[in-house]
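**Student:** Below is the structure I would like to discuss, written out as structure tokens.
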Amino acid sequence: MSERTFRILDQALNNRKHEVPLKVISKKEIVRAHFNFTYAAYAKRFGDELKNLFGKLPEGVRLEGYQPEEIERETKDSTAGYAPLHKYEIKAKGRVSGPAKGVIDFYDRLEHNALVELEEIELEFQG
């Protein structure tokens, strides 16, 4: 956040201190952000959509520990004794990290997908 932006925010909060009980007590520059995620799907169409979604990251954003596990089974092997197995299955977990804006933008895209579970975004500040 630039010094000018900080001053504008601080002034706005002071002007509304009776309505918005917030006060800036310190400031640090946000340098990066990250969040963890998991997903699972049981239809090839949804698996392809998820792989495509995670294949198109904003500039500077990267995936860590991401190795999707994809299984396709023959229909004759669709039982495991107790419950039927899905013909198709994909599962993945990992971490998205990078510049804060790109990470937040990608999080916004993911949070509308019911197959993806997201943890909170964590911000990394400059020393």
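Read-outs throughout are calculated quantities, based only on the coordinates presented, and are distinct from any laboratory measurement. Note that the coordinates shown come from a computational prediction; the quantities given were computed from them, not determined experimentally. Using ideal geometry, Cβ is built from the backbone for each residue, glycine included, and neighbour counts are taken over all protein chains shown.
**Student:** Please give the helix 100-110 orientation as an angle from the longest Cα principal axis of the chain, in degrees from 0 to 90, rounded to the nearest 10.
**Tutor:** 40
**Student:** Additional query: ³J(HN,Hα) across the stretch 14-21 via Karplus (A = 6.51, B = -1.76, C = 1.60, θ = phi - 60°), whole Hz, x for Gly/Pro?
**Tutor:** 5, 5, 10, 4, 7, 9, 10, x
**Student:** By how many degrees, 0 to 90 and rounded to 10, does the Cα axis of helix 44-54 deviate from the longest principal axis of the chain?
**Tutor:** 30
**Student:** Shifting gears a bit: I'd like the distance separating the alpha-carbon centroids of the stretch 91-108 and the stretch 1-78, in whole Å.
**Tutor:** If you average the Cα positions of each part, the centres end up 4 Å apart.
**Student:** Here's a follow-up. Using a cut-off of 15 Å between beta-carbons, work out the net charge of the residues near Gly98 (Lys and Arg +1, Asp and Glu -1, Gly98 not included).
**Tutor:** Overall, the nearby charge balance is 0.
**Student:** Could you compute the FRET efficiency for Val24 and Arg109, with r as their C-beta to C-beta distance and R0 at 41 Å, rounded to 0.05?
**Tutor:** Calculated transfer efficiency: 0.85.
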